[in-house]
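Below is one structure, written out as structure tokens; comments come after it.
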Amino acid sequence: MKNDILYSFRRCPYAIRVRWALLICEIKVELREIDLKNKPLEFLNKSRNKTVPILIRNNNEIIEESLDIILWALSVSKKENLLNKYIPENKKESIIGIINENDNQFKYHLDRFKYSTRFNSIDKEHHFLEASEFIKRWNELLTKNRFFFGDNHTIADWCIWPFVRQFKIACESQKKINFFQPTMQKWLEYFENHRNFKDLMYKYTLWEPSSKKNYFPFN
């Protein structure tokens, strides 16, 4: 049986969180790394949103939203009871709420801070401060528990840490200091130092129709 196909871009936080979920769920896919500045025609013909990640299932079903791919991975994994483990029913509303907060509000300010030259650069400091407010609020959650909603990570942690990492990279490149409190730093380091991180960020060659198939995880 042929593998499902994941179109990905190594540094995209949406793609990172999907690859993280696939690692946790122990699902192997054919990975097609693409250049977002030179998107292949086959990808453009498949993707409604024209952005990564998208999953092409071996029955030709297309799943475009990263959160939907994560939910699919949890539902089809051969590991038992992952949906209840990583999306506890009594915390589901809060988990989805904080993911939406990240994907809509935090990302809005993160993009305008990190990529200020693409927007109005005079507002860069405003967007840094606005993004920092989310970081402070999330840090408050982490002072109560190891992860956002308890001692075990959930899909909320999976979905947000790649964006927090992007915020850290932007702060470091722009010589910001004290942008994290120790609790937030420790939380992010859990993922950055995780044994899966090397596989997660493996650098694949760009995909072309004539390319040899690559698989994720790489082996």
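The values are calculated or read from the model by the stated rules, or taken from the named source; none is laboratory data. Since the model is a prediction, treat every value here as computed from it, not as a measurement. Methodologically, a virtual Cβ is constructed for each residue, glycine included, from the backbone with ideal geometry; neighbour enumeration extends over all protein chains shown. These accessible areas exclude ligands, DNA and RNA; they are computed on the full protein's heavy atoms, side chains included. Shrake-Rupley method; radii C 1.70, N 1.55, O 1.52, S 1.80 Å.
Of all residues in the stretch 199-219, which are under 18 Å from Phe163 (Cα atoms) and exposed (fewer than 14 other Cβ atoms within 10 Å of the Cβ)?
The one that is under 18 Å from Phe163 (Cα atoms) and exposed (fewer than 14 other Cβ atoms within 10 Å of the Cβ): Met201.
So Asp68 fits all but one of (1) surrounded by 18 or more Cβ atoms within 10 Å (Cβ to Cβ); (2) under 20 Å from the mean Cα position of the chain (by Cα); (3) at pLDDT 95 or above; (4) not hydroxyl-bearing (Ser, Thr, Tyr); what number is the exception?
Among (1) surrounded by 18 or more Cβ atoms within 10 Å (Cβ to Cβ); (2) under 20 Å from the mean Cα position of the chain (by Cα); (3) at pLDDT 95 or above; (4) not hydroxyl-bearing (Ser, Thr, Tyr), the lone unmet condition for Asp68 is (1).
Does Ile24 fit the bill of being open to solvent by 10 Å² or more (accessible area, probe 1.4 Å) and out of contact with any Lys or Arg (no Cβ under 6 Å at 6 or more places or on another chain)? So that I can check it myself, show each step before the final result.
Numbers: open to solvent by 10 Å² or more (accessible area, probe 1.4 Å): yes; out of contact with any Lys or Arg (no Cβ under 6 Å at 6 or more places or on another chain): yes.
The answer is yes for Ile24.
For the structure I just gave you, tell me whether Glu89 is surrounded by fewer than 16 Cβ atoms within 10 Å (Cβ to Cβ) and of a type in the set (Asp, Glu).
yes
Can we say Leu110 is surrounded by fewer than 16 Cβ atoms within 10 Å (Cβ to Cβ), aliphatic (A, V, I, L, M) and in a helix (DSSP H, G or I)?
no
Go through (1) open to solvent by 70 Å² or more (accessible area, probe 1.4 Å); (2) farther than 19 Å from Trp158 by Cα; (3) without any contact (Cβ under 8 Å) to a residue 12 or more places away in the chain; (4) not polar (S, T, N, Q) and name the single condition Leu44 misses.
Of the numbered conditions (1) open to solvent by 70 Å² or more (accessible area, probe 1.4 Å); (2) farther than 19 Å from Trp158 by Cα; (3) without any contact (Cβ under 8 Å) to a residue 12 or more places away in the chain; (4) not polar (S, T, N, Q), the odd one out for Leu44 is (1).
Can you tell me which residues in the stretch 150-173 are open to solvent by 40 Å² or more (accessible area, probe 1.4 Å) and either under 14 Å from Asn100 (Cβ atoms) or outside any helix (DSSP H, G or I) (or both)? Break it down into steps so the answer makes sense when it comes.
Step one: of the stretch 150-173, the residues open to solvent by 40 Å² or more (accessible area, probe 1.4 Å) are 151-152, 165, 169, 172-173.
Result: Asp151, Asn152.
Identify the single condition in (1) over 28 Å from Asn81 (Cα atoms); (2) modelled with pLDDT under 95 that Phe218 does not satisfy, given that it satisfies every other one.
Exception for Phe218: condition (1).
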